[in-house]
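As structure tokens, the structure follows; a few thoughts come after it.
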Amino acid sequence: MKSAVRELSPSAYARLAGVLYLIITVAAVFAHFVIPEQFIAPGDAAATVANIAANETLFRAGAIGGELIILLSEVALSVVLYVLLKPVNSTPALIALVSRLAMTVIHGMNLLNYYLVLQLINGNGSASAFDPAQVQALATLFLEAHSIGFTIGIAFLVPHVLILGYLIVQSGYFPRVLGFLFIAAGIGYLFDTTGLLLVPGYTQTPGLIAVIIAVAEIAFPLWLLVKGVNMDRRQSHGPALEAA
């Protein structure tokens with residue numbers, strides 16, 4: 001019975017990983033793009049504060065609730081990817097797991113910036129001591145801090161993506177091209193986060209890097225959902241699985 005469960009689990013884990021990727025992608029579109037575009041008016045702090053104050057429920061549900069869905073899914077996905085790729089090499093797979101979880105923790109803490117914005121706008125507690133102009137300035141500061149905090153979290157995703165690409169290439173039970181795409185995406189993430197965090201004046205991700213990352217992040221989940229795992233080649237890693 002135990003061996004039968006092990007034989008079936010890789011395909012089930014692959015489908016689960018694909019579903020989790022899909023959930024993260026859909027939630028991220030709303031939390032990271034749709035909601036910010038509706039609420040944040042670049043260069044206009046007064047309009048931004050007014051937008052959030054007038055639609056606080058939507059902001060909470062879309063930006064904060066959506067991010068929570070992402071983070072909870074990230075925890076599950078981190079573990080599932082580890083189980084899928086541990087047979088290839090357990091140590092790099094563990095490093096990739098910890099790296100993605102570190103990003104998730106940072107992004108979770110980063111949500112405090114959104115809550116601080118809501119505290120300011122509602123005038124709760126010590127926030128009532130600030131006048132409207134100060135509220136607008138501080139709200140803008142916390143929104144900018146959220147953007148920076150998100151980028152810091154992505155910096156911890158870089159090792160995960162690079163290692164994931166390496167493990168996919170070495171696995172034999174996923175197409176090598178998917179692994180090379182992830183390695184290219186990891187290099188793109190590294191270039192982008194380095195620029196955003198360390199280079200003054202670098203404020204926007206180059207289009208080519210965005211496309212490479214998007215292709216990798218879409219192609220692999222689709223393969224997991226449609227094709228899953230090549231079980232014949234996966235079973236060739238049986239001894240490695242036992243050793244791990």
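Throughout, read-outs are computed from the coordinates displayed, never taken from laboratory work. These figures come from a predicted structure and were not determined experimentally. Note that each Cβ is placed from the backbone with ideal geometry, even for glycine, and that neighbours are counted across all protein chains shown.
Could you tell me the center-to-center distance, by alpha carbons, between segment 63-140 and segment 185-220 in angstrom? So the two Cα centres are separated by 20 Å. Taking a sphere under 13 Å around the Cβ of N122 and counting the other residues whose Cβ falls inside, with K and R at +1 and D and E at -1, yields a net charge of 0.
Rounded, prolate or oblate for segment 92-214? Axes are the square roots of the Cα gyration tensor eigenvalues, ordered a ≥ b ≥ c, and the cut-off for rounded is a/c under 1.5. Prolate shape, in that a/c is at least 1.5 and a/b is the bigger ratio. Relative intensity of segment 22-146 on a log10 scale, I(q)/I(0) at q = 0.11 Å⁻¹, equals -0.46, per a Debye sum over C-alpha point scatterers of equal strength in the absence of solvent. When the Gaussian network model of the chain links Cα atoms closer than 10 Å, the mean-square fluctuations of Y114, Y173, Y202 top out at Y202. Each listed q (0.17 Å⁻¹) maps to a log10 I(q)/I(0) for the chain, found by the Debye formula over equal Cα scatterers with no solvent: -1.23.
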